[in-house]
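The values are calculated or read from the model by the stated rules, or taken from the named source; none is laboratory data. Worth saying up front: this structure is predicted, and the values here are computed from it rather than measured. Every residue, glycine as well, gets a Cβ built from its backbone with ideal geometry; the counts of neighbours run over all protein chains shown. Only protein heavy atoms, including side chains, enter the accessible area calculation; ligands, DNA and RNA are left aside. Shrake-Rupley method; radii C 1.70, N 1.55, O 1.52, S 1.80 Å.
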Amino acid sequence: MSALPVLFVSHGSPLHARGGSRASAGWAALAQSLPTPKAALIASAHWETEMPMLTAGRRPETIHDFGGFPPDLYQIRYAAPGAPQLAERAAALLSAAGMPASLNGCRGLDHGAWVPLRHMYPDATVPVVQLALQPALGNAHHLRLGAALAPLAAEGVLIVGSGHLTHNLSEVMQLLRRGSVTFGQETAAAPYVEAFRQWVDAALRSPSTDDLAAWDEHAPHALRAHPSSEHFLPLLVARGAAGRGAVVEHIDLGVEAQVLAMDAYRFTPAT
C-alpha cells in the first residue's frame, strides 16, 4: 500500500465552519483528491501540553474554543468517532522515538481540528485522533514528532497539521479597527507576509530541514508573521511526517485581512 500524502492546512477563523469560502472549498477538494483514509491524525495549534498527548476517547466532543462569534457556530457538532487504537499506536511510535506520550480519554476536538475536517469529511465517518503541540520544546521537537509518526501514512492514516502559515491576530485587529479590512475578507498579501510565504515555500522544498528548524531566526519577518509559534508548529509536524524526498505541492487558498495567509500543502512521501 502506498503511503497517503501528509497535509498542512491554515484553518482560519471559525467562520469557515459555515462553508462557502475559498478555504473550505479547497479543503474539500484536497480530501476528494485522496483515497478515503482509515482514520485521521490531526495536530492542531489549539491544544498545547508539556509532553506529547493524544485524544483517545471513542466519541470526542466538539469543542467551541472561541468567543464573540455568531450563535450558529456554537450549535455545530462534528460527530466523528475517535480511534483509541490509533492513539495507542501513535503513542507507541512516539515513545519508541524517545518522546513518551500519554493518552487523554476526555478531551474532544477543537476548532483547529473540526473546522477543516467538517469540509474534508462532512459525513463525519472518518475516525479522528488529535495530537497536542509542545511549543516549549521547540521547532526540532515538532519535526521529530512528525517523523516518528510517519509510518502511520503507510497504514492508511491521514496525518494533518492544522495551523496558519502566518498568524498575527493583533495586526488583524488593528486593521479591523481602522476599517482597512473586514473580518474574513480576502485581500492581497501585505509585503512582509508575501516575503515570509516565499521563504517558507523554499524551505519546505529544501533537502534539509535545518532552515525550518530555525525558521524563527532565519525567515524574514518571522516574529511579525508569528508573534507566538503555536500556529506554525503544525507545519513542522506535517513536514517531518512526510520524510526526506517528499514531493511538495503548494495550494494557494489566498490571504485574509492582508496578514492571515491561508496556504495549504500536500506532501507526498517518496516511494
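The set of residues from region 166-176 being open to solvent by 20 Å² or more (accessible area, probe 1.4 Å), over 21 Å from the mean Cα position of the chain (by Cα) and touching a residue at least 24 places away in the same chain (Cβ under 8 Å) comprises Glu171, Leu176. Only residues that are among the hydrophobic types (A, V, I, L, M, F, W, C) and in a helix (DSSP H, G or I) were counted in region 1-37, giving 9.
Listed by first and then second residue, the pairs linking a residue in region 254-271 that is within 13 Å of His164 (Cβ to Cβ) and assigned to a loop (DSSP other than H, G, I, E, B) to a residue that is open to solvent by 10 Å² or more (accessible area, probe 1.4 Å) and among the hydroxyl-bearing types (Ser, Thr, Tyr), with Cβ atoms under 8 Å apart and 6 or more places separating them unless they lie on different chains, are Ala257/Thr182; Ala257/Thr187.
Among the residues of region 79-117, those identified as farther than 14 Å from Leu41 by Cα and within 19 Å of the chain's Cα centre (by Cα) are Arg107, His111, Val115. Of the residues that make up region 69-79, is at least one closer than 25 Å to Phe232 by Cα and polar (S, T, N, Q)? No: zero hits.
Filter region 34-63 for residues that are closer than 18 Å to Ala241 by Cβ and small (Gly, Ala, Ser) and give the result.
Passing the criteria: Ala39, Ala40, Ala43, Ser44, Ala45.
Of the numbered criteria (1) open to solvent by 40 Å² or more (accessible area, probe 1.4 Å); (2) over 19 Å from the mean Cα position of the chain (by Cα), the one Ala29 fails is (2).
Residues of region 231-242 include none that is part of a strand (DSSP E or B), open to solvent by less than 10 Å² (accessible area, probe 1.4 Å) and at pLDDT 95 or above.
Name the residue, out of Val181, Val200, Val248, that is of a type outside the set (Phe, Trp, Tyr), modelled with pLDDT under 95 and either open to solvent by less than 30 Å² (accessible area, probe 1.4 Å) or within 22 Å of Ala132 (Cα to Cα) (or both). Exactly one of Val181, Val200, Val248 is of a type outside the set (Phe, Trp, Tyr), modelled with pLDDT under 95 and either open to solvent by less than 30 Å² (accessible area, probe 1.4 Å) or within 22 Å of Ala132 (Cα to Cα) (or both), namely Val181.
For every residue, the table says whether it meets (1) of a type outside the set (Gly, Ala, Ser); (2) under 30 Å from Pro151 (Cα atoms); (3) more than 19 Å from the chain's Cα centre (by Cα).
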| position | (1), (2), (3) |
| --- | --- |
| His164 | yes, yes, no |
| Arg178 | yes, no, yes |
| Val193 | yes, no, no |
| Asp263 | yes, yes, no |
